[in-house]
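Please treat every number below as a calculation from the coordinates, not as lab data. Bear in mind the structure is a predicted one, so any value in this text is a computation, not a measurement.
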Amino acid sequence: MDPRIAVETLCSEVIDDREHYGMLVELSPNGVRLERPLHGRREGSIVQLEFELPDADEIIWAKGEVCFDRYRRPLEGANAVRTTGVRLVAAASRHLRMLRDWVAATVEARRRALENDIAGHLAFASHWNG
């Protein structure tokens with residue numbers, strides 16, 4: 001399974017020449033998960049996406065295939081939210097490489113940060129234990 005990185009960045013989804021805005025909440029080397037207000041059902045399974053790769057100052061245009069579309073109603077009084085998983089099927093090879101490299105670098109940075117945090121806790125604990 002590909003690593004998935006939680007993010008919060010704006011995304012536009014183009015369906016039938018109409019642009020719909022949402023929030024990109026997860027990135028992987030091969031796909032994205034986005035959330036937005038529920039505004040009716042979508043027709044078709046292919047979408048065009050535009051989003052900024054976090055910390056890269058690069059806009060990615062990609063075509064994707066919808067893998068899942070879920071609806072949920074949050075707390076009373078709030079609008080329903082649609083969560084959609086999209087597998088990327090086409091984009092500029094440069095953009096796909098940037099996305100893959102960004103995910104790999106982020107996974108590695110988080111792994112190192114976790115190891116350093118654990119090592120710091122163990123050093124602190126050993127100081128008091130003996």
Centroid-to-centroid separation of the stretch 44-103 and the stretch 21-39 [C-alpha atoms, Å]: 4 Å
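Would you work out the relative contact order for the stretch 1-112, in percent, from Cα pairs under 8 angstrom that are 6 or more residues apart? Please report the intermediate quantities before stating the final value.
Working: 222 pairs, mean separation 27.9, N = 112.
Averaging sequence separation for qualifying contacts and normalising by length gives 25 percent for the stretch 1-112.
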